[in-house]
Number of protein chains: 2
Amino acid sequence: MEQLQIFSPATVANVSCGFDAMGFALDQLGDEMTFRKTSEKGTVVITKIEGAKLPYDAQKNAASFVALKMLEDAQADFGLELEIVKKYKPGSGLGSSAASSAGSAYAVNQFLNGTYTTLELVKFAMLGEELACGSPIADNVSAAVYGGFVLIRSYDPLEIVSIPTPDDLYVTVLHPQIELKTEDGRNVLPKKIPLKDAVKQWSNVGGLISGLYTSDYGLMGRSLEDIIVEPARKLFIPHFDAVKEAAIASGAVGAGISGSGPSIFALSKGKDQAQKTAHFMDEVYKNKGIEYNIYVSSIGKQGTRIIQP
Amino acid sequence: MEQLQIFSPATVANVSCGFDAMGFALDQLGDEMTFRKTSEKGTVVITKIEGAKLPYDAQKNAASFVALKMLEDAQADFGLELEIVKKYKPGSGLGSSAASSAGSAYAVNQFLNGTYTTLELVKFAMLGEELACGSPIADNVSAAVYGGFVLIRSYDPLEIVSIPTPDDLYVTVLHPQIELKTEDGRNVLPKKIPLKDAVKQWSNVGGLISGLYTSDYGLMGRSLEDIIVEPARKLFIPHFDAVKEAAIASGAVGAGISGSGPSIFALSKGKDQAQKTAHFMDEVYKNKGIEYNIYVSSIGKQGTRIIQP
């Protein structure tokens, strides 16, 4: 194989109650990346970046950094050229750096004839997350690599559990184009939380996972509650409450902050409902003087995947 | 129907990671209760209590108190006599008062021709828990009424989720006959916990529930970890660490404190393994000068049930 074009999905981390523990992949939103084999052993050269201002220095770009680490670890006798086409903006809370990192891990493993397991790909992709975000967070990259819903059962040792995704589950995302640093989103979080709040939260995690296993949309919706992180982070997201209320009023299963924001996600049963929800969310944001995008997608059961050949 | 004899199971609450949110019922350990219809409208008379020192005053005994409340609520035109045979000791951490309360709620509903839903029975049984323990805790009573594994997704409004139980799942319980008040077990708990510990805990709740849905014993075992409550409460339970280690060394899936203790439970795949685990746990306790019982049971999928007629 000399050239490979892949898709790496946008991802929603946390999923309300599952802060730092859950995530899911989108199917119809994500980056495209093209890799070309070169004879320059162990090197990675970025030849094009479209759709975002990201470093071309291979040591500073998450995608190329992951590729470098893998080529080194595998003692590969080849190098790679890399084109990145970002189809959605970084800083969205939709795992932009994770898409780059996961996509790179997935693609390089193809060139290495599947040397690494899926879990190992997540570990490599986490190096890209560490470079981009300062912390080797697993939720976005594991959702991107595994596809569907994932639970990070443990970081040490890393254990990812794939949770089944109901066929008819769709997501609507509203991305307000405001700047919000992941670090800010972290700094606003309480270091300690009341035990009784933690109990509520893990009851909801249990409910959400149970709802996913049984395709019980009502249970999913009631479980999409975050009494710990959302109250702190929503203050950074203009009109958050109004958008969430509009999504639920439209008939969505539930809604919350995607990752550390600013994107707001809503889950719906069926594409029509997800589009109706998009319309309701749009009504809140239009004429507010903030640029924004709205996406509707099914849950991407496959995650990273080959576009061609 | 003039007379009814029912079984109400012992229950394990918390199940390690699922503090205040999860529980399960045993199949081969529980109380027997016999109810007789009388013409004394709205009254409940306890005629016999075997196996434990419990109040005969109908207003002070959890079982009769629940029955009184139900007869009153349903404006029943009859009364009941009640015999309670406790098959295991109160104060065990195996939901003794819950067995009384849940058993009563279940039985009285039979006399009322199924007036109340299963969820309503839990709510009535919680009144018995409040009387006996000072707090309307739902985990033991809901496990007793629903059977199998339960998740208390929410207290307000009360929502119980039945989690599927793998056929081959068994429990071994070691009950050290030491006195331990539920209040003491509560007072030792931290009011606030680090957010990062809470994340670990809800990741494990997610893992345990996922393991139950997929009969993945390894995942269940790895998820049976409690970094918040067990470290505080195990100090009240002599030889806890040694018993837990012995259970796991024997091949059990995992082990932890049953409810607020002092009982220690271990989950196993298959009856033979559960009995082997019992043997290993027994080895730790024998000759230590503490009275104890060991029980082996499958998970009681049915919960409260009629013995006769």
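A short reminder: the numbers here are calculations on the coordinates, not readings from a lab. All figures in this text were calculated on a predicted structure; none of them were measured in a lab. Reconstructed Cβ throughout: ideal geometry from the backbone, glycine too, with neighbour counts over all protein chains shown.
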For this session: Just need the relative contact order of chain B here, percent rounded to a whole number, with Cα pairs under 8 Å and 6+ apart.
Result: 25
Exercise. Dipole of region B:246-309, Cα-centred, from +1 at each Lys and Arg C-beta and -1 at each Asp and Glu C-beta, to the nearest 20 debye?
Worked result: 220
Problem set entry | Listed residue (B:Pro238, B:Ala249, B:Ser210) projecting farthest to the positive dipole end of region B:169-298, Cβ model | B:Ser210
For this session: Give the shape of region A:231-278 as rounded, prolate or oblate, defined through the alpha-carbon gyration tensor: a ≥ b ≥ c are the square roots of its eigenvalues, a/c under 1.5 means rounded, and otherwise the shape is prolate if a/b is larger than b/c and oblate if not.
Result: prolate
Exercise. How far is B:Glu120 from itself in the other copies, in nm, if each label sits 7 Å out from Cα along the Cα-Cβ line, shortest first?
Worked result: 5.9
Exercise. Check A:Ala10: other-chain or 5+ apart residues with amide H under 5 Å from its amide H, H built from backbone geometry?
Worked result: A:Leu26, A:Leu29, A:Gly30, A:Asp31
For this session: Could you list the trypsin sites (Lys or Arg not before Pro) in region A:228-308 that lie in coil according to DSSP, counting only those with at most 14 other Cβ atoms within 10 Å of their Cβ?
Result: A:Lys286, A:Lys288
For this session: Just tell me the longest site-free run in chain A, where the sites are GluC sites (Glu not before Pro) in a DSSP loop having at most 14 other beta-carbon atoms within 10 Å.
Result: A:41-178
Exercise. In nm, to one decimal, how far is the B:Leu189 label point from the A:Asp73 one, both placed 7 Å along Cα→Cβ?
Worked result: 4.0
Exercise. Roughly what would the spin-label model give for B:Glu2 and B:Ile307, points 7 Å off Cα along C-beta, in nm?
Worked result: 2.0
Problem set entry | Förster radius 22 Å - calculated FRET efficiency between B:Lys288 and B:Leu235, Cβ distance, rounded to 0.05 | 0.85
Problem set entry | Charge dipole magnitude, Cβ of K and R +1, D and E -1 - region B:169-298, Cα centre, debye nearest 20 | 260
Seminar exercise, completed: A student applying the Cα gyration tensor rule (rounded when a/c is under 1.5; otherwise prolate if a/b is larger than b/c, oblate if not) would label region A:176-298 oblate
For this session: Quick one: with label points 7 Å out along Cα→Cβ, list the inter-copy distances for B:Ala249 in nm, shortest first?
Result: 6.4
For this session: With a point put 7 Å past each Cα toward its Cβ, work out how far B:Ala249 is from A:Asn113 in nm, to one decimal.
Result: 4.6
Exercise. Using r as the Cβ-Cβ distance of A:His279 and B:Glu50, and R0 as 60 Å, what FRET efficiency do you calculate, to the nearest 0.05?
Worked result: 0.35
